[in-house]
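**Q** Sharing a structure here in structure tokens format.
The values are calculated or read from the model by the stated rules, or taken from the named source; none is laboratory data. All values reported here derive from a predicted model rather than from experimental measurement. Quick reminder, even Gly has a Cβ in these numbers, built from the backbone with ideal geometry, and neighbours come from all protein chains shown.
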């Protein structure tokens, strides 16, 4: 089932790319609610063993749904439709859904933009589950990159076409020029998001039961080292993972409140979200995203400040050194953001920069830390 240019224009992500993550989140919530609604249906004992596919009871191949039917009908792998039918019978069959996403990843190059979007959202549906794994996160990251790159290509093609029209006509068309400027901004937004969100996959296999962790009185060291830590390092690059990230941080704040690891990751999450908002603000020239961006930076600062308070004067452990570096890096990023937006740097922020320079001193033998310290020292010199 192909998609022509007219179909593409109906995609909300094409109509308004700056609302990309908002629109994706809306559709992800629809997928999650489909499963939730099915759970609320009182099934007979026969249905509990699987819903029989009858005529007129087939998955809808025209729209996005939990079965991945539209995706399966656009894949070459002959087993894809079987997986979709199985998901229709067993909606919570994660293995089948992941297998479907895996098939997509193998055929991604030939898949259309809408189909790539479906695959990404199905992968994110799995990431939103309380049973979270490195496999699910890796697949979602891969699908996210593929979708964003395909979206950028469509926007780039539209931009090139509009540029050609302007050059070809020879006359100054105000409407076309305004359209061109808007298109340049949206294409730039997607390009910067690709750069911001691209990261390496988690190299190890691990699974966490978040419900079990939430009910527990402590977190086993293995779960922290091989589960929460590496997963959070990647989850922060999935803007649609906000609900599960919130759930995870609730668990960690309760059970690992004295561990700087919590603030370290939470700060990065807010940092990434802040940068997305500021990219939107730059592309759309609107005040609300800029305001949101600075508010998110404030949350990031609070999180990393809380982490640094747990470190003490001399960082010793790897996570302590990492927290201090992130504190310095965030201070530098926020300073640059003030400057690029022609906003006077508050004295309070300069005090934070001074503190970062001081905290980095004991670990300045590391070239990375020394370089960051030098950047921050330069900030103080120019102010």
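**Q** Taking the conditions exactly as written (assigned by TED's automatic domain parsing to the domain that holds residue 377 and farther than 21 Å from residue 265 by Cα), does residue 315 satisfy them or not? If you could, list the steps in order and put the result at the bottom.
**A** Numbers: assigned by TED's automatic domain parsing to the domain that holds residue 377: yes; farther than 21 Å from residue 265 by Cα: no.
No: the conditions fail for residue 315.
**Q** With respect to residue 19, is the statement that it is touching a helix residue (DSSP H, G or I) at 6+ places or on another chain (Cβ under 8 Å), in the same structural domain as residue 115 (by TED's automatic domain parsing) and either at pLDDT 80 or above or surrounded by fewer than 14 Cβ atoms within 10 Å (Cβ to Cβ) (or both) true?
**A** On the way: touching a helix residue (DSSP H, G or I) at 6+ places or on another chain (Cβ under 8 Å): yes; in the same structural domain as residue 115 (by TED's automatic domain parsing): yes; either at pLDDT 80 or above or surrounded by fewer than 14 Cβ atoms within 10 Å (Cβ to Cβ) (or both): yes.
When the stated conditions are applied, residue 19 passes them.
**Q** Scan 121, 75, 100 and give me the residue that is crowded, with 17+ Cβ neighbours inside 10 Å and part of a loop (DSSP other than H, G, I, E, B). Steps first, answer last, please.
**A** Details: 121 fails: part of a loop (DSSP other than H, G, I, E, B); 100 fails: part of a loop (DSSP other than H, G, I, E, B).
Result: 75 is the single residue among 121, 75, 100 that is crowded, with 17+ Cβ neighbours inside 10 Å and part of a loop (DSSP other than H, G, I, E, B).
**Q** Evaluate the following for residue 52: is it more than 30 Å from residue 184 (Cβ to Cβ), modelled with pLDDT of 80 or more and in the same structural domain as residue 132 (by TED's automatic domain parsing)?
**A** On the way: more than 30 Å from residue 184 (Cβ to Cβ): yes; modelled with pLDDT of 80 or more: no; in the same structural domain as residue 132 (by TED's automatic domain parsing): yes.
It is false that residue 52 is more than 30 Å from residue 184 (Cβ to Cβ), modelled with pLDDT of 80 or more and in the same structural domain as residue 132 (by TED's automatic domain parsing).
**Q** Please enumerate the residues belonging to region 124-148 that are more than 22 Å from residue 80 (Cα to Cα), part of a helix (DSSP H, G or I) and in contact with a helix residue (DSSP H, G or I) (Cβ under 6 Å, 6 or more places away or on another chain).
**A** 148, the sole residue that qualifies.
**Q** Only one of 374, 323 is in the same structural domain as residue 276 (by TED's automatic domain parsing), modelled with pLDDT of 95 or more, in a helix (DSSP H, G or I) and farther than 20 Å from residue 309 by Cβ; which? Can you show your working first?
**A** Working: 323 fails: farther than 20 Å from residue 309 by Cβ.
Result of the check over 374, 323: 374.
**Q** Looking at (1) under 15 Å from the mean Cα position of the chain (by Cα); (2) modelled with pLDDT under 95, find the lone condition where residue 284 falls short.
**A** Answer for residue 284: the failing condition is (1).
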